[in-house]
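What follows is a single structure, written as structure tokens, with notes after it.
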Amino acid sequence: MLRRWWFMERLRPAVPERRAGELSKEQQQLVLDEWAAARERLDRLVSARVTAVGDVLRATELPSSTGPLTPGVADPRAQGDCAWAFDAFQAAGKLLDEAADLPDLAAAAVLADRALERFAAVHARAAGQPVPKPAERCFYNPLHTAAGRTREPVRQQHRRRARRRTGPREAAADRRPACPSCRRAILAGQAPDVLPALVPVRLSRLRTARVLVPYYSVPQQWSLWSVCACGAYGDEWPSLVLRGEHRKRAAAARRA
Ligand SMILES: [Zn+2]
């Protein structure tokens with residue numbers, strides 16, 4: 001996603017403390033310029049995605065099982081799923097408007113996609129059809145195409161892995177859901193194409209710089225998105241966003 005990852009070195013504990021002060025003003029400006037360009041690109045892509053999901057949600061009629069005034073037909077699960085889908089879509093729009101960083105924009109795309117998946121599940125159940133499986137997202141960058149995971153049952157996967165001689169790279173590639181491209185990179189001993197986040201780091205008593213780090217290494221008090229692959233896991237994120245929790249955490253990062 002970004003070309004200059006050298007600045008990540010600044011946060012690694014192995015890097016001696018004195019090197020942090022070497023981040024010059026020009027280097028800091030390069031980081032900020034690259035971040036701003038990535039943000040602009042992502043904003044355009046995610047806006048288009050959220051708009052497209054909105055068009056589908058508006059154009060699709062709700063199944064009768066979601067109606068509040070249809071005794072004998074109303075299905076509380078369908079009603080709950082529809083309410084979640086609309087909250088997730090509303091949260092995606094709010095994130096798009098109020099994004100402080102790239103993971104907020106990624107979360108907008110993930111929540112809009114999940115709204116559509118949940119909505120499709122309600123329709124499939126109402127029509128007596130099999131419910132499509134939600135996409136498994138790439139942990140390293142939840143904006144990537146769906147993570148490739150074998151569909152064999154978990155027990156068979158364990159047996160197959162136990163039979164196979166697993167080296168450290170295979171073990172690393174299996175540790176998290178990864179899209180084919182990130183998985184190939186890990187197997188080749190390279191870094192996957194990680195979604196970055198901009199965080200403050202104190203260079204001296206008087207000077208703080210902003211550096212890019214993998215979104216999943218951002219402290220939870222600064223971001224909702226580091227623990228849930230930008231809203232890919234768990235159902236609590238739409239309501240937290242609608243209550244403004246993402247803004248509170250971004251403000252905590254700014255005060256750091
Ligand atoms: Zn990926």
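The values are calculated or read from the model by the stated rules, or taken from the named source; none is laboratory data. Model, not experiment: these values are computed from the prediction. Neighbour counts are summed over all protein chains in view; Cβ atoms, including those assigned to glycine, are modelled from backbone coordinates with ideal geometry.
Listed residues ALA171, ALA185; which is closer than 21 Å to GLU136 by Cβ, within 14 Å of the ligand (Cβ to nearest atom), of a type in the set (A, V, I, L, M, F, W, C) and in a helix (DSSP H, G or I)?
Of ALA171, ALA185, the one residue that is closer than 21 Å to GLU136 by Cβ, within 14 Å of the ligand (Cβ to nearest atom), of a type in the set (A, V, I, L, M, F, W, C) and in a helix (DSSP H, G or I) is ALA185.
(1) at pLDDT 90 or above; (2) surrounded by 12 or more Cβ atoms within 10 Å (Cβ to Cβ); (3) within 30 Å of LEU32 (Cβ to Cβ): which one isn't true of PRO200, the others all being true?
(1)
Restricting to region 128-144, give me the number of residues that are more than 9 Å from the chain's Cα centre (by Cα) and near the ligand (Cβ under 8 Å from one of its atoms).
1
Against the conditions (1) modelled with pLDDT under 95; (2) hydrophobic (A, V, I, L, M, F, W, C); (3) surrounded by 15 or more Cβ atoms within 10 Å (Cβ to Cβ), where does VAL241 fall short? Just the number, please.
(1)
Are any residues in region 204-256 of a type in the set (D, E, K, R) and not in a loop (DSSP other than H, G, I, E, B), and if so, which ones?
ARG210, GLU245, ARG247, LYS248, ARG249, ARG254, ARG255 - these are the residues of region 204-256 that are of a type in the set (D, E, K, R) and not in a loop (DSSP other than H, G, I, E, B).
Checking THR150 against (1) loosely packed, with under 14 Cβ neighbours inside 10 Å; (2) in a loop (DSSP other than H, G, I, E, B); (3) at pLDDT 85 or above; (4) away from the ligand (no atom under 16 Å from the Cβ), which test does it fail?
(3)
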